[in-house]
Amino acid sequence: MERGTVGSANRGRLKVGVRSHGRSEIFTPVGELDHHTADLLSEPLEAAVEAGRSRLVVDCAQLEFCDSTGLNVLLGARLKAEAIGGGVHLAGMLPVVARVFEITGAEAVFTVHDSLEAALDD
């Protein structure tokens, strides 16, 4: 489901698709996640946790850029999901995005999968 409001709007550089699959809520950010676009991902992540969806899967295969603000959005979602017994799974990160997680050490606090399929099979 491609959402057409904040949380999935296009600010020129980011679109976020949201859909459910079994016990997972899948978020597909497409474009650049930075301080200008971070709320487009943070709002649907927060809404999912508020609705009791605790297994959040972020399909990063089309995420071309992520700065520290985007990283903080994902870290915040992780804390909220863990507080209700879940977690955040990251899937299919492009090398440029994976490097941000590697440099900051954030990859150690997330469950990282090579692909969306692997994240859903877990």
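Tabulated results
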{"read-out": "Positive-end extreme of charge dipole, the stretch 9-59 - chosen from Gly52, Gly22, His36 (charges on Cβ)", "value": "Gly22"}
{"read-out": "Backbone N within the stretch 63-95 under 19 Å of label point (7 Å from Glu102 Cα along the Cβ vector)", "value": "63-68, 71, 90-95"}
{"read-out": "Dipole of the stretch 11-122, positive direction: furthest Cα of Ser115, Ala83, Ala98, with charges on the beta-carbon", "value": "Ala83"}
{"read-out": "Mean ellipticity per residue at 222 nm, deg cm²/dmol - from DSSP H runs of n ≥ 4 across the chain, formula -39500 (n - 2.57)", "value": "-11000 deg cm²/dmol"}
{"read-out": "Cut-off under 5 Å, modelled amide H: who pairs with Leu90 long-range", "value": "Val58, Thr111, Val112, His113"}
{"read-out": "Accessible area per residue, Å², the chain with all protein chains present, probe 1.4 Å", "value": "49 Å²"}
{"read-out": "Calculated FRET efficiency for the pair Val109/Ser20, C-beta based, R₀ 30 Å, to 0.05", "value": "0.80"}
{"read-out": "Integer Hz, Karplus 6.51/-1.76/1.60 couplings in order for the stretch 66-81, x for Gly and Pro", "value": "8, 9, 5, 5, x, 4, 5, 4, 5, 5, x, 5, 4, 4, 5, 5"}
{"read-out": "Cβ-Cβ FRET estimate between His36 and Leu94, R0 fixed at 22 Å, reported to 0.05", "value": "0.65"}
{"read-out": "In Hz, Karplus ³J(HN,Hα) per residue of the stretch 52-58 (6.51, -1.76, 1.60; θ = phi - 60°; x = Gly, Pro)", "value": "x, 7, 9, 9, 9, 10, 9"}
{"read-out": "Anisotropy class of the chain from Cα gyration tensor, a/c 1.5 cut", "value": "rounded"}
{"read-out": "Surface/4 estimate of mean projected area, convex hull on alpha-carbon atoms of the stretch 57-108, nm²", "value": "3.3 nm²"}
{"read-out": "Distance histogram for the stretch 15-58 (every C-alpha pair counted, 10 angstrom bins, percent rounded to whole numbers)", "value": "29, 56, 15, 0"}
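The values are calculated or read from the model by the stated rules, or taken from the named source; none is laboratory data. Worth saying up front: this structure is predicted, and the values here are computed from it rather than measured. Ideal geometry is used to build each Cβ from the backbone, glycine not excepted, and the neighbour counts take in all protein chains shown. What goes into the accessible areas is simple: the full protein's heavy atoms, side chains included, and nothing from ligands, DNA or RNA. Shrake-Rupley method; radii C 1.70, N 1.55, O 1.52, S 1.80 Å.
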